[in-house]
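Notes for the one structure printed next.
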Amino acid sequence: MSESMQPRLWLFTAQGCARCKIVRSFMEKKQLSFQEIDFREKEGQTFRRFYKENRAQVFRGEKGVEFPILFDGKVVRQGVGPILAGLQAGDALNRNITQSRLSAGWLSGIDLSGLPAASGEDLLAILFWMKAQGLKVEIRSNGSAPKVLEQIRDKGLGHRLILEIPGPPALLEAMEQAGLNEADLSQSLGLAPGFPEYRLVTIIRPVRRIIDGEKAFDCLTPEEIRETARFIESATQSKTHPYFLLPWEGPQTPETGPLTGPAMFKYRTAARRYQVKTEIGKPAA
């Protein structure tokens, strides 16, 4: 877009888009100066020019370009979560608030894993706004930031929690779970049943080990999944959590997979000794 066409903020919207209204009202509340462009109205040529020049930064879903889109002349932010995060906290929450993959009144893309300590209040402010607009929010976490998770639970800011348990506490360092410790993970587990909906998840991911004196990676073993399930029982005093096991979908090596269905059954059997509702596969939304 040319220099003369760039106000401080451009908000590209679609007629009848409820999420566009949420962003617009947030910007008005903050008394931000912006120009709204409906991509199908007479200003549509402005959007087409923007899209042509910034195509690489614009996400397209199955139904085409998703709105709203905010543009400051350099950076494109798309979707309710990323736009509110940028307006509230700049780039500080880029890794924690991403594009939502849910619809019909739900919002996902909120992840507490690795949340910067200084960003907790900004994230809570965004969640307060989402709740006020009637959105149900799915929260994800690897067990870090339990104090923020507790506030989310107590204030009713999250409707569904997906809590990943990386593995048994003794392996957290080997699994490169930076900033995560047993105490935080245990506290987060204790908070999970306080959400209207929750699921516990473990991905059968690679672990850094020393094999024959050499550094190597191989997947969690069924015995280690059994220890993970036992840790969940110990932290919560319950054997009946909705617990799901997923195969690793990252880069594969001969040592890490892929895990087939029959191999996953061994993990489920091992886990069910301590979590009797263990299932294989992604939890249903």
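If packing is taken as the average count of other Cβ atoms within 10 Å, what order do 15-26, 65-76 fall into, highest mean first? Spell out each step's value before the answer.
Numbers: 15-26: 16.2, 65-76: 18.2.
Packing proxy ranking, top to bottom: 65-76, 15-26.
Against the chain, whose longest principal axis comes from its Cα atoms, helix 80-89 is set at around 80 degrees. A quarter of the convex hull surface defined by the alpha-carbon atoms of the chain gives 17.3 nm² as the mean projection.
State to the nearest 20 debye the size of the charge dipole of the range 1-78 about its Cα centre, where the only charges are +1 on K and R beta carbons and -1 on D and E beta carbons. Intermediate values should be presented prior to the final figure.
Numbers: 16 positive and 10 negative charges, 31 e Å.
The dipole of the range 1-78 has a size of about 140 debye.
Panel order for TYR243, TYR198, by other beta carbons found within 10 Å of each beta carbon, from fewest to most: TYR198, TYR243.
If r is the Cβ-Cβ distance from LYS277 to TRP248 and R0 is 30 Å, what FRET efficiency results, to the nearest 0.05?
Details: r = 22 Å, r/R0 = 0.73.
Efficiency at R0 = 30 Å is approximately 0.85.
Shown for the chain: cysteine residues without a partner Cβ closer than 4.7 Å, namely CYS219.
Rounded to the nearest 10 degrees, the inclination of helix 261-271 to the longest alpha-carbon principal axis of the chain is 70 degrees. A crude spin-label estimate for the pair ILE210 and GLN35, with each label 7 Å from Cα along the Cβ direction, gives 6.3 nm. Label-to-label distance for GLN57 and ALA174 is 4.4 nm, based on points extended 7 Å past Cα in the beta-carbon direction.
So how strong a dipole does the chain carry about its Cα centre when Lys and Arg Cβ are +1 and Asp and Glu Cβ are -1, to the nearest 20 debye?
Working: 39 positive and 33 negative charges, 192 e Å.
Approximately 920 debye in magnitude.
Go through LYS74/LYS147; LYS21/LYS63; LYS30/LYS131; LYS29/LYS63; LYS136/LYS282 and tell me which ones have a Cα-Cα distance over 25 Å in this structure.
Details: LYS74/LYS147 35 Å; LYS21/LYS63 20 Å; LYS30/LYS131 17 Å; LYS29/LYS63 30 Å; LYS136/LYS282 20 Å.
Checking Cα-Cα distances, LYS74/LYS147; LYS29/LYS63 exceed 25 Å.
Counting neighbouring Cβ atoms within 10 Å and putting the fewest first, the residues ASP218, ASP91 line up as ASP91, ASP218. Nearest 10 degrees is fine. How inclined is helix 182-191 to the longest principal axis of the chain, computing both from alpha carbons? For helix 182-191, the angle is close to 70 degrees. Going from the residue with the fewest nearby Cβ atoms within 10 Å to the one with the most, PHE244, PHE217, PHE39 rank PHE217, PHE39, PHE244. Taking label points 7 Å from Cα along the Cα-to-Cβ direction, ARG49 and SER234 give a separation of 6.4 nm.
According to the Kirkwood expression over distinct Cα-Cα pairs, how big is the hydrodynamic radius of the range 1-146, in Å? Please report the intermediate quantities before stating the final value.
Values: mean 1/r = 0.0632 Å⁻¹.
Result for the range 1-146, one decimal place: 15.8 Å.
Every number here is computed from the coordinates shown, using simple stated rules; none is lab data. The structure displayed is predicted, hence computed values, not measured ones. FYI the Cβ positions are ideal-geometry reconstructions off the backbone, even for glycines, and counts take in every protein chain you see.
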